[in-house]
């Protein structure tokens, strides 16, 4: 049997749309990863904002056991380029954030799954692996999201970067957000890529499918962007 066919898949839904469908109050998150098969179940709630900024809050009563959030930046804008983020001041702010939120996570039996981005404190494989090593046993996880970790300048060597990401983080990640990337008219100025559904961008699709199968345990969930689910799964060989 194709191992990819038995892997759990989740779809990233807009939380506001789900709230309207279910006639519930406005949600305390922006997106919810919901299972695509069997009884509906929520794998994780995604929250926005910068955890390293003043005033960032997350509702500990969020209705999923797992909260996905960015690791944060010292920049004013969430995706601005700020070198201090990777220096001592950024890492100290990040450590203080983790120390501060850990007791509440443990009290409410929640896990914080940190989503890396190439402009955030957790921006590369080394940083993610170090977090998991140093915070082992705590309420922290890492979401493997290659599309977030790729800067525009990395596209020419995307295959090498993808191999490294999956080889080192695939066995340890709580889940894998499988998406694609493409340039926009603003990319030359911003250095940022647009995230799109898997199969609609520049990534080597067959390589991603192989790396997922080779390095990510079969029980580790895959999260897809909404829309064209069959096409995305086909691109992954599922």
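The values are calculated or read from the model by the stated rules, or taken from the named source; none is laboratory data. Predicted model, so just to flag it, every value in this text is computed and none were measured. So basically every Cβ, Gly included, is an ideal-geometry build from the backbone, and we count neighbours across all protein chains shown.
Suppose we keep only residues that are closer than 13 Å to residue 178 by Cα and part of a loop (DSSP other than H, G, I, E, B) within segment 203-226. Which one would you say is farthest from the chain's Cα centre (by Cα)?
Once the filter is applied, the top-ranked residue is 204.
Filter segment 92-133 down to the residues that are surrounded by fewer than 14 Cβ atoms within 10 Å (Cβ to Cβ) and either in contact (Cβ under 8 Å) with a residue 12 or more places away in the chain or within 25 Å of residue 150 (Cβ to Cβ) (or both), then identify the one that is farthest from the chain's Cα centre (by Cα).
Once the filter is applied, the top-ranked residue is 107.
When the residues of segment 35-50 are narrowed to those that are over 16 Å from residue 174 (Cβ atoms) and at pLDDT below 90, which ends up surrounded by the fewest Cβ atoms within 10 Å (Cβ to Cβ)?
For segment 35-50, the residue satisfying everything is 39.
Just give me the residues in segment 138-148 being under 28 Å from residue 60 (Cβ atoms) and either at pLDDT below 95 or surrounded by 19 or more Cβ atoms within 10 Å (Cβ to Cβ) (or both), in sequence order. Walk me through how you get there before you give the answer.
First pass over segment 138-148, keeping only residues under 28 Å from residue 60 (Cβ atoms): 138-145, 148.
Within segment 138-148, 139, 140, 141, 142, 143, 144, 145, 148 meet the criteria.
Tell me yes or no: at least one residue of segment 60-83 is buried (at least 19 other Cβ atoms within 10 Å of the Cβ), farther than 27 Å from residue 166 by Cβ and modelled with pLDDT under 95.
Yes, some residue in segment 60-83 is buried (at least 19 other Cβ atoms within 10 Å of the Cβ), farther than 27 Å from residue 166 by Cβ and modelled with pLDDT under 95.
With 136, 153 as the choices, which residue is out of contact with any helix residue (DSSP H, G or I) (no Cβ under 9 Å at 6 or more places or on another chain), without any contact (Cβ under 8 Å) to a residue 40 or more places away in the chain and in a helix (DSSP H, G or I)?
Of 136, 153, the one residue that is out of contact with any helix residue (DSSP H, G or I) (no Cβ under 9 Å at 6 or more places or on another chain), without any contact (Cβ under 8 Å) to a residue 40 or more places away in the chain and in a helix (DSSP H, G or I) is 153.
Can you pull out every residue in segment 164-186 that is touching a helix residue (DSSP H, G or I) at 6+ places or on another chain (Cβ under 9 Å), over 25 Å from residue 136 (Cβ atoms) and surrounded by fewer than 16 Cβ atoms within 10 Å (Cβ to Cβ)?
183, 184
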